[in-house]
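The values are calculated or read from the model by the stated rules, or taken from the named source; none is laboratory data. Bear in mind the structure is a predicted one, so any value in this text is a computation, not a measurement. Neighbour counts run over all protein chains shown; Cβ positions are idealised from the backbone, glycine included. In case anyone asks, the SASA skips ligands and DNA or RNA and just uses the protein heavy atoms, side chains included. Shrake-Rupley method; radii C 1.70, N 1.55, O 1.52, S 1.80 Å.
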Amino acid sequence: VNLQDAANRLGVHYQTAYRWVREGALVAAKVSSVYEVEDSEVERFLQLRLVPAAPPDRIQVRNWETHQQNLVEFLVRGNELEARLLVDRLAEGKVSSIDICERLLGPALRSVGQLWHDGALSIGGEHRATSIVERVIGRLTTHPRGRPRGTAIVATLTGEAHGMPAAMAALVLRDDRWRVHHLGSDLPIIEIVKMVHEVDANIVVVSITYASDDQVEQLRGLLPPSAHLLIGAPGKSLTELVLLARKYSLSALSE
Ligand code: B12
């Protein structure tokens with residue numbers, strides 16, 4: 001049968017069946033530009049879908065405060081292994097990167113900053129904590145399959161050493177299937193502009209904590225019309241970033 005008939009028999013939309021074929025879950029053969037699915041394959045798939053799926057091993061976090069407190073303690077003591085284990089466990093439990101960043105890492109960083117501000121933590125201790133978080137974010141990076149939404153550049157501007165928000169932005173955009181070029185911190189605008197042309201970027205994400213707004217306007221003026229500038233600032237959410245970015249994805253723009 002053709003894929004449309006197979007989809008009807010499976011009780012799903014054509015697009016869903018097509019996705020299963022692309023993912024290799026449903027076996028189909030391409031016969032002169034249409035997909036053909038064997039009857040037996042439709043039967044097999046139907047059976048498979050009738051078997052109740054194992055309960056998802058997702059973690060539902062009910063109490064983020066406890067995790068935050070634990071993490072802060074690990075960070076302040078420089079206990080990298082424990083910090084890593086805590087975050088790995090959440091990631092394995094399919095807690096989203098956005099939640100890990102916004103409900104755990106962000107608040108923990110702010111607590112660390114507060115401790116340093118209050119004189120309860122040395123500069124060395126604060127830097128050690130921050131570096132651990134940087135490496136933890138690095139471990140979270142996933143490479144989801146599927147067609148990329150487009151190409152993104154993520155960076156902070158000259159004078160901006162607060163690189164963590166940009167690292168988080170890079171992480172969640174990768175999760176959302178963007179091809180991400182994360183340039184790190186302290187980038188002169190001219191280098192960002194060069195890179196935009198080099199990789200033909202659709203979006204440029206600049207995360208600001210401390211740097212000035214004039215640089216942003218300069219950068220905006222130098223970007224080609226095809227590259228959209230998205231500016232992050234403390235308190236802005238990563239969900240907002242992902243939704244904004246999608247407006248400029250290749251498929252959204254060609255609609
Ligand atoms: C860690 C830290 C540092 C580290 C940074 C290391 C690193 N690799 O990032 C170091 C030690 C380098 C540092 C240096 C300094 N810091 Co500092 N630092 C912090 C600290 C403790 C945490 C910052 C952080 O990562 N927060 C967590 C982030 C992830 O949360 P967020 O900002 O809300 O970010 C969200 C959004 O940005 C969003 N996002 C990201 N990208 C995008 C894009 C889009 C489009 C959207 C929609 C959203 C989005 O994602 C994040 C998700 O939650 C804060 C304390 C605090 N209260 O935050 C001080 C803090 C930011 N620092 C501060 C200061 C003053 C400094 C120094 C000047 C200190 C000094 N006297 O030397 C220097 C400046 C260095 C420089 N030139 O940039 C001040 C800033 C005050 C201000 N606004 O002017 C703070 C608030 C501390 C304070 N209370 O005084 N710092």
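Points worth noting:
- Of all residues in region 88-112, those being open to solvent by 50 Å² or more (accessible area, probe 1.4 Å) and in contact with a Phe, Trp or Tyr (Cβ under 8 Å, 6 or more places away or on another chain) number 1.
- In a residue-by-residue description of region 29-41, the property of being touching a strand residue (DSSP E or B) at 6+ places or on another chain (Cβ under 8 Å) and basic (Lys, Arg) applies to at least one position.
- Residue list for region 121-138, filter: surrounded by fewer than 17 Cβ atoms within 10 Å (Cβ to Cβ) and within 12 Å of the chain's Cα centre (by Cα): GLY138
- Scanning region 206-247 for residues being more than 17 Å from ALA155 (Cβ to Cβ) and of a type in the set (Ser, Thr, Tyr) gives a total of 3.
- Filtered by the rule that a residue be open to solvent by less than 60 Å² (accessible area, probe 1.4 Å), more than 11 Å from the ligand (Cβ to nearest atom) and under 16 Å from ASP186 (Cβ atoms), region 203-236 gives GLN215, VAL216, LEU219.
- Residue among GLY113, GLY125, GLY106 that is within 15 Å of the ligand (Cβ to nearest atom) and over 29 Å from LEU241 (Cβ atoms): GLY125
- Given (1) open to solvent by 70 Å² or more (accessible area, probe 1.4 Å); (2) of a type outside the set (Gly, Ala, Ser); (3) touching a residue at least 40 places away in the same chain (Cβ under 8 Å), index of the condition LEU243 fails: (3)
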